[in-house]
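Accompanying notes for the structure given below.
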Amino acid sequence: MTHHLVASDLTLAYDRRVVIENLDLAVPPESFTVVVGPNACGKSTLLRGLARLLAPRSGAVLLDGRAVHTMATREVARRIGLLPQSALAPDQISVADLVARGRYPHQSLLRQWSAADEVAVATAMALTDVTDLADRPVDELSGGQRQRVWLALVLAQETPVLLLDEPTTFLDIAHQVEVLDLLADLHEQGRTLVAVLHDLNQAARYATHLVVMTHGAIAAQGPPGEVLTAALVAEVFGLPCRVVPDPVTGTPMVVPEARVRVR
Amino acid sequence: MTETRARVAVGRTTLLVGVAALLLIAVVLSVAVGARSLPPWLVWQLLWHPDGSADAAIVHELRVPRTALGLAAGAALGLSGALLQSLTRNPLADPGLLGVNAGAAAAVVVGLALGLTQVRAQVWLAVLGAGLAAVVVHLVGGQAAGRRAAPERLVLAGAAVSAALMAGVWGLTLLDPDVLDRYRFWTVGSLAGRDLAVLGQVGPVLAAGLVLGLLLAGPLNAMALGEDTGRALGVRPGVVRGATGLAVTLLCGAATAAVGPLAFVGLAVPHAVRSCTGPDDRWVLPLSVLAAPALVLLADVLGRVAVAPAELPVGVVTAFLGAPVLIALVRRRGVAP
Amino acid sequence: MSADVGQRASAGAPGALGAPGSLLAQGRVLRLAGGRLSLRWRPRAVVVGGTVLALAAGLVLLALVLGDFAVPLDQVWGALTGAEGPAGTVVRELRLPRALAALGVGAALAVSGALFQTLVRNPLGSPELIGFTQGASAGAVAGIVVVGLTGGALALSALGGGVLTAVAVYLLAVRRGLLGARLVLVGIGIGAMLNAVTWWLLTRAELATARTATVWLVGSLNAKGWDDVTLLVGALVVLGPLALVAGRALRLVELGDDVARALGLGLRRAQLLLVALAVAAVAVGVAVAGPVPFIALVAPQVARRLVRGPGIGLGTSALVGAVLLLAADLLAQHVPPTALPVGVMTGLLGGVYLGWLLRRDGRRT
């Protein structure tokens with residue numbers, strides 16, 4: 001079953017500051033879409049708009065043709081999962097308990113823990129390989145482990161669409177690759193992923209659909225091989241570079257030009 | 001670059017002149033206006049040539065002491081607020097919010113309960129109480145393991161400590177009605193009913209605090225970007241923190257002992273000054289010393305005039321002036337984490 | 001990828017009481033009606049709750065026995081069940097309602113504190129933040145000093161002041177419909193204004209009136225009777241179910257605004273509900289006993305430490321608050337040379353608690 005997430009003529013603003021104006025974006029179903037762009041280009045704002053955290057000033061975000069803002073919050077939570085940057089773990093909560101909270105959209109006052117919840121949490125923890133950490137307090141985990149736990153929480157929600165806001169920030173490189181590989185696995189299992197990443201090369205390596213933003217608008221979008229060119233990088237990021245094939249995967253790799261040094 | 005600097009310097013000098021003029025106006029109003037208003041020229045005459053008339057009595061025994069106290073207390077509170085905001089790098093720091101005033105109040109009440117009603121004893125008690133409260137608030141709500149305290153955490157700690165101190169105050173006032181009687185008048189913060197002798201007692205402590213505080217302008221500037229930067233610039237953060245704490249304690253203790261707790265003066269004035277001059281403490285501190293008394297005196301005048309012939313104590317007026325300022329600030333700029 | 005998912009799923013058989021929810025490290029599940037109804041419960045919370053309840057019963061017994069007119073233990077049951085004579089009157093009309101009122105007020109204040117602490121995600125949160133206590137104080141003192149109110153009318157005046165203030169603070173602190181760090185500062189600003197008014201009114205009164213007002217301001221359980229207890233029970237009946245709903249919302253609010261909304265919580269409505277519930281709870285407490293300090297601050301944190309769980313539970317907070325206030329009242333009545341209002345004792349309690357906080361944070365750095 002495919003899920004179409006579409007931003008239609010979307011304008012997003014914070015109080016008086018308009019960040020994104022009249023933007024159109026159709027997220028290809030079952031794709032691993034990555035949004036990149038320089039600082040303050042609006043990529044996080046776009047993600048928050050797609051996740052229904054920010055009400056549109058005008059235009060709409062459509063999920064399967066229905067405007068997301070007219071849908072009940074719980075219904076949206078069963079379709080779209082979000083991993084934000086600003087997640088707080090309560091003191092001393094165990095991994096299993098935290099992941100279990102991801103089941104909220106499927107629970108009610110009288111149905112607080114069904115067999116389905118049990119299965120979903122177990123599966124989520126297995127996928128993110130945190131099953132062994134189930135009883136440990138989240139506070140005691142490393143950055144990479146903690147990120148996997150939050151990812152497990154989002155997976156426990158069992159949503160077909162996943163939105164991730166810079167899931168690799170503050171992680172060292174081994175953990176970054178670990179998380180991205182996991183996201184690739186999740187994508188292969190049939191989910192639609194939209195992630196904001198700041199590393200161009202990682203984005204090119206993992207994305208099936210790359211969206212490059214600048215100044216609140218989309219500069220280019222499409223398969224990374226087509227989109228990521230030296231000209232684009234120079235224009236959007238102001239970085240003179242060469243784009244060469246990655247020696248391991250063949251995806252485009254951005255290599256900055258040497259600086260002419262005056263000695 | 002020098003042109004911008006020159007422009008900024010001119011702007012600041014204009015501001016300085018403006019604030020000084022405002023202060024002068026406030027002083028004049030304070031001496032002239034009241035339930036019985038006197039024209040300024042008469043006041044001037046009576047100041048220098050007291051002629052034993054009722055008007056002269058009003059000027060010399062009511063208005064002058066009042067104005068002098070307002071000047072002293074205002075300067076002290078303005079400077080202590082500016083120092084606290086600089087040191088904690090927290091634009092919402094105020095000795096009242098951080099429990100310092102409550103500490104002074106509690107100590108004074110303990111003194112009252114023990115029969116220590118002379119102003120000199122009250123001054124030292126207030127200073128002691130202010131210092132202890134400041135330390136406790138900082139320990140409870142301040143930095144933990146190197147993390148910088150969020151503004152709300154310090155303020156919450158201040159509220160909690162104040163509540164604890166107030167409970168002690170309550171207990172004492174209930175056990176001894178005489179203490180209640182003295183305390184309820186003292187705690188509102190008023191310039192009335194106190195004579196110049198108070199200023200004499202409080203003066204040396206206040207002066208010491210003022211001098212110390214103003215001398216800290218340079219070192220606080222250096223620490224504005226963080227303690228490590230300050231150390232790199234040759235300043236010793238521990239010493240600066242201690243000295244600032246001492247100055248704040250002396251100033252708040254003296255001011256509170258003299259006129260009772262005055263809310264929000266230490267918050268609103270340095271904040272307003274800083275928004276005009278920028279964060280340079282060599283301007284913020286002296287301008288606060290000039291602007292805060294203006295606020296206090298104007299508030300006092302307002303209190304005399306607003307519900308005439310009755311009087312609103314200046315502590316009530318500053319609360320009603322300062323709280324909206326705080327709320328407007330919080331709403332406009334958000335709260336920086 | 002693990003293959004024993006099926007095994008884990010079958011660990012909780014339908015209908016089993018307390019089948020270990022193997023993935024809930026700190027809980028068990030009660031399943032009924034073939035799995036259509038399932039409730040989570042935590043063994044430790046139940047044990048702690050039971051112990052505290054037993055402690056409460058013991059304290060009530062103590063409250064019935066102690067006093068100027070000592071009632072021997074063997075006469076207590078008789079006195080409770082309608083025996084005539086001074087023992088019966090004292091127990092039934094004075095001590096029992098006072099003890100029950102202490103339990104009720106303590107529970108109400110603790111629930112309010114628990115809600116505020118979760119809303120601002122800070123263990124120092126309390127109902128003062130929304131300005132309710134300061135508004136109620138101003139309303140009450142105005143009533144006493146200006147009009148000479150007592151009893152029910154006084155409580156109404158206090159509540160009116162409190163509710164108006166809470167509404168004003170909420171409206172000023174809300175931003176795009178959501179609460180945030182602004183709540184603390186707006187509440188403290190408005191609170192300071194109201195404090196100024198309250199104290200100014202105290203200077204305008206006769207000393208005797210000022211003293212009466214001060215006694216109210218401190219928080220006191222003097223002369224609390226069965227009508228107060230009825231009010232508290234009524235509040236429990238009305239607010240209890242709301243608290244159950246609130247408990248679920250709290251678990252999400254703890255995770256941060258974004259995650260809460262992403263998991264399907266209507267955050268604006270939830271926050272409004274939580275604030276309204278918190279104000280209602282503190283209103284009941286203040287209407288009966290005045291603004292008793294520190295129970296709202298201390299009880300939820302003590303409860304959290306006893307249950308050793310993530311987050312603050314409303315039920316355990318209520319129980320702990322009830323016991324703390326009753327204990328404080330017993331201490332305030334029988335320990336000092338003259339009986340003091342309970343507010344003074346809880347104030348001292350608060351001081352001790354803050355001191356303990358100091359030591360704990362000091363050891364951490």
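The values are calculated or read from the model by the stated rules, or taken from the named source; none is laboratory data. No experiment lies behind these values; they were computed from the predicted model shown. No Cβ is skipped: glycine too gets one built from the backbone with ideal geometry, and neighbour counts run over all protein chains shown.
Brief remarks follow.
- Qualifying residue in the range A:26-38 (condition: over 17 Å from the mean Cα position of the chain (by Cα) and surrounded by 14 or more Cβ atoms within 10 Å (Cβ to Cβ)): no
- Checked across the range A:11-22, the condition of being within 14 Å of another protein chain (Cβ to nearest Cβ) and among the basic types (Lys, Arg) holds for at least one residue.
- Flag if B:Gly218 is in a helix (DSSP H, G or I), within 14 Å of chain C (Cβ to nearest Cβ) and out of contact with any Ser or Thr (no Cβ under 9 Å at 6 or more places or on another chain): no
- Options A:Leu10, A:Leu50, A:Leu23, A:Leu5: the member that is free of Cβ contacts under 8 Å to residues at least 60 places away in the same chain and in contact with a strand residue (DSSP E or B) (Cβ under 9 Å, 6 or more places away or on another chain): A:Leu10
- A single member of C:Gly82, C:Gly88 is part of a loop (DSSP other than H, G, I, E, B), more than 23 Å from the chain's Cα centre (by Cα) and free of Cβ contacts under 8 Å to residues at least 12 places away in the same chain, and it is C:Gly82.
- Which listed residue is surrounded by 12 or more Cβ atoms within 10 Å (Cβ to Cβ), of a type in the set (Lys, Arg), at pLDDT below 75 and not in a loop (DSSP other than H, G, I, E, B), from C:Arg44, C:Arg40, C:Arg8: C:Arg8
- Scan of the range B:294-337 for residues that are within 18 Å of the chain's Cα centre (by Cα) and within 14 Å of B:Ala272 (Cα to Cα), ordered by number: B:Ala294, B:Leu295, B:Leu321, B:Gly322, B:Ala323, B:Pro324, B:Val325, B:Leu326
- In the range B:321-332, the residues that are within 16 Å of C:Arg175 (Cα to Cα) and without any contact (Cβ under 8 Å) to a residue 60 or more places away in the chain reach residues that are part of a helix (DSSP H, G or I) and of a type in the set (Lys, Arg) with C-beta atoms within less than 9 angstrom, at least six apart or across chains, in these pairs: B:Ile327/C:Arg182; B:Arg331/C:Arg182.
- For the range C:211-266, the set of residues classified as touching a residue at least 40 places away in the same chain (Cβ under 8 Å), of a type in the set (S, T, N, Q) and either surrounded by fewer than 20 Cβ atoms within 10 Å (Cβ to Cβ) or at positive phi (or both) consists of C:Thr212, C:Asn222, listed by residue number.
- A:Ser114 surrounded by fewer than 22 Cβ atoms within 10 Å (Cβ to Cβ), polar (S, T, N, Q) and either in contact with an Asp or Glu (Cβ under 7 Å, 6 or more places away or on another chain) or within 12 Å of another protein chain (Cβ to nearest Cβ) (or both): yes
- The residues of the range A:65-103 that are more than 7 Å from chain C (Cβ to nearest Cβ), assigned to a loop (DSSP other than H, G, I, E, B) and either modelled with pLDDT of 90 or more or at negative phi (or both), listed by number, are A:Met71, A:Ala72, A:Gln85, A:Ala89.
- Hits in the range A:11-25 - residues which are surrounded by 23 or more Cβ atoms within 10 Å (Cβ to Cβ) and not β-branched (Val, Ile, Thr): A:Leu12
- Considering C:Ala278, C:Ala318, C:Ala287, the condition of being more than 14 Å from every other protein chain (Cβ to nearest Cβ), farther than 24 Å from C:Ala168 by Cβ and small (Gly, Ala, Ser) is satisfied by C:Ala318 alone.
- Here A:Thr45, A:Thr11 are screened, and the one residue that is under 14 Å from the mean Cα position of the chain (by Cα), modelled with pLDDT of 90 or more and of a type in the set (Val, Ile, Thr) is A:Thr45.
- Search result, residues across the range C:100-142 that are more than 10 Å from chain B (Cβ to nearest Cβ) and hydroxyl-bearing (Ser, Thr, Tyr): C:Ser112, C:Thr118, C:Ser137
- Test for C:Val71: is it touching a residue at least 12 places away in the same chain (Cβ under 8 Å), assigned to a loop (DSSP other than H, G, I, E, B) and at negative phi: yes
- Selected residue [at the interface with chain C (Cβ under 9 Å from one of its Cβ atoms), surrounded by fewer than 24 Cβ atoms within 10 Å (Cβ to Cβ), at pLDDT 80 or above and over 22 Å from the mean Cα position of the chain (by Cα)] from B:Gly168, B:Gly146: B:Gly168
- The single condition from (1) exposed (fewer than 14 other Cβ atoms within 10 Å of the Cβ); (2) within 24 Å of A:Leu12 (Cα to Cα) that A:Val260 fails is (2).
- Residues of the range B:82-105 classified as touching a Ser or Thr at 6+ places or on another chain (Cβ under 7 Å), crowded, with 24+ Cβ neighbours inside 10 Å and not in a loop (DSSP other than H, G, I, E, B), total: 6
- Cβ-Cβ distances below 7 Å connect the following pairs, each with a first residue in the range B:305-320 that is crowded, with 20+ Cβ neighbours inside 10 Å, a second residue that is acidic (Asp, Glu), and a separation of six or more residues or different chains: B:Val314/B:Asp300.
- Scanning the range A:184-213 for residues that are hydrophobic (A, V, I, L, M, F, W, C), in a helix (DSSP H, G or I) and in contact with a Leu (Cβ under 6 Å, 6 or more places away or on another chain), we see that the one that is nearest to C:Ala262 (Cα to Cα) is A:Ala203.
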